[in-house]
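Just below is one structure, and these are the notes that go with it.
The values are calculated or read from the model by the stated rules, or taken from the named source; none is laboratory data. The model shown is predicted, which means the values in this text are computed figures rather than measured ones. Here the Cβ is made from the backbone with ideal geometry for all residues, glycine too, and neighbour counts use every protein chain on show. Surface areas here come from the heavy atoms of the whole protein model, side chains and all, with no ligands, DNA or RNA. Shrake-Rupley method; radii C 1.70, N 1.55, O 1.52, S 1.80 Å.
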Amino acid sequence: MDMLQEVAQSLDLEEVAEHLGVSYQTIFRRVQDGSIKAWRMGRKWMVRPEDLRAYLARCYQESTNVASVR
């Protein structure tokens with residue numbers, strides 16, 4: 001995938017928050033703590049779909065690990 005396609009498919013933090021049903025601030029904090037990889041395009045933070053999928057997969061893995069311990 002070339003850079004232009006990658007940019008076109010990326011989501012800004014507001015879109016990520018809307019998709020996940022959480023606030024912008026929650027997503028911004030995850031970017032700040034390194035949980036979600038993001039990059040700046042002008043004044044907006046952008047997230048590649050594969051980075052969002054990786055974050056969600058880690059969250060799912062962590063939740064199933066906790067559930068299996070109980």
Checklist entry - Counting only heavy atoms of protein chains, what accessible area per residue, in Å², does segment 16-70 have with a probe of 1.4 Å? => result 74
Item to check | Value of [θ]222 nm, deg cm²/dmol, for the chain, DSSP H segments ≥ 4, -39500 (n - 2.57) each, nearest 500 | outcome: -19500 deg cm²/dmol
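Carbon-plus-sulfur fraction of the accessible area of the chain, 1.4 Å probe, in percent?
After summing per-atom areas, the C and S share lands at 54 percent.
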Next on the checklist: Please give the charge dipole size of the chain, origin at the Cα centre, charges +1 on K and R Cβ atoms and -1 on D and E Cβ atoms. Round to the nearest 20 debye.
Outcome noted: 260
Checklist outcome for this item: What the Cα atoms of the chain span along the principal axes, largest first and in whole Å, is 45, 28, 20
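Quote the relative contact order of the chain in percent (integer), defining contacts as alpha-carbon pairs under 8 Å separated by 6+ residues. Please list the in-between numbers first.
Numbers: 52 pairs, mean separation 20.8, N = 70.
Computed value for the chain: 30 percent relative contact order.
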